[in-house]
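Chemist: Below is one structure. I have some questions about it.
The values are calculated or read from the model by the stated rules, or taken from the named source; none is laboratory data. The model shown is predicted, which means the values in this text are computed figures rather than measured ones. Using ideal geometry, Cβ is built from the backbone for each residue, glycine included, and neighbour counts are taken over all protein chains shown.
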Amino acid sequence: MASRDLSYRCVVGVAATLAVVGQATSSGMAASTLKGGAINGITVVRSVESFEATSTVFKDIPGAVATINVPAGQTWIAIGRFSSETLCGSFAAEQVGGYCPMQIVSVKDGVVTSWNPDAEYDFAASAVEVAGVANWKATSFSRSTTLKGPGKYTVKVQITVSSAGIISTVDDWQMEIMTAPKL
């Protein structure tokens, strides 16, 4: 009975998290609110493999992908979260001050949509490796969007670097996608 009670409280807690999601950017835009019902599903994808990015163009993190099928006539809220051990840096002192942005995108019928356009997440700031010691950090970010049915959405996490000479590495990562009907 105690286990069932704990499971119920966990589901209610997660549902409450989905119930109100606010988004605001540093540009002074007003916050927006999305409201959803009970959770449709949770997808978790994880890996212990490292991925290194050096491109100033967003690249998919291999394996950080999930599929969401939204039925006809429905609109769902989707919340994506990505966590990892992260290293963002350079071996050159002049590279301090760069950063390593990430974003969550969905692809439907070949159209790529960022979950928070104009609000990529600067996942980590660069640091020079000092005396051969890497500055690994545990980092995480969340994004949300609405998905309209009918549709099959491929959700991906992408990473880039702010300038040449910066290296961004993610390791021991986990991607979580939760969906709920939009109220």
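Chemist: Given the options Ala19, Ala38, name the one that is at pLDDT below 95 and either out of contact with any His (no Cβ under 8 Å at 6 or more places or on another chain) or over 21 Å from Gln158 (Cβ atoms) (or both). If you could, list the steps in order and put the result at the bottom.
Modeler: Details: Ala38 fails: at pLDDT below 95.
Matching residue, one of Ala19, Ala38: Ala19.
Chemist: Can you tell me which residue is surrounded by the most Cβ atoms within 10 Å (Cβ to Cβ) among those in region 95-110 that are modelled with pLDDT of 80 or more and on the phi > 0 side of the Ramachandran plot?
Modeler: Asp109
Chemist: Can you tell me which residue within region 57-86, out of those that are surrounded by 14 or more Cβ atoms within 10 Å (Cβ to Cβ) and part of a loop (DSSP other than H, G, I, E, B), is modelled with the lowest pLDDT?
Modeler: Here the residue is Phe58.
Chemist: Here's a follow-up. So how many residues does region 134-183 have that are of a type in the set (Lys, Arg) and surrounded by fewer than 15 Cβ atoms within 10 Å (Cβ to Cβ)?
Modeler: 3
Chemist: Now for a different question. Under 6 Å between Cβ atoms, which residue pairs at least 6 apart in sequence (or on different chains) link something in region 131-146 that is within 18 Å of Val107 (Cα to Cα) and of a type in the set (D, E, K, R) with a partner that is at pLDDT 90 or above and surrounded by 13 or more Cβ atoms within 10 Å (Cβ to Cβ)?
Modeler: Cβ pairs passing all conditions: Arg143/Gly80; Arg143/Ile104.
Chemist: Let me ask something else about it. Please find, among Ile61, Ile77, Ile104, the residue that is in contact with a Gly (Cβ under 6 Å, 6 or more places away or on another chain), of a type in the set (Val, Ile, Thr) and more than 20 Å from Pro150 (Cα to Cα).
Modeler: Unique residue meeting the criteria: Ile104.
Chemist: So, one more: Would you please list the contacts, defined by Cβ atoms under 6 Å and residues six or more apart or on different chains, that run from a residue in region 63-90 that is of a type in the set (S, T, N, Q) to a residue that is assigned to a loop (DSSP other than H, G, I, E, B)?
Modeler: Gln74/Gly149; Ser90/Ser126; Ser90/Gly165; Ser90/Ile166
Chemist: I'd like to check something: does region 22-33 contain any residue that is in contact with a strand residue (DSSP E or B) (Cβ under 8 Å, 6 or more places away or on another chain), over 17 Å from Arg143 (Cβ atoms) and either modelled with pLDDT of 90 or more or not small (Gly, Ala, Ser) (or both)?
Modeler: no
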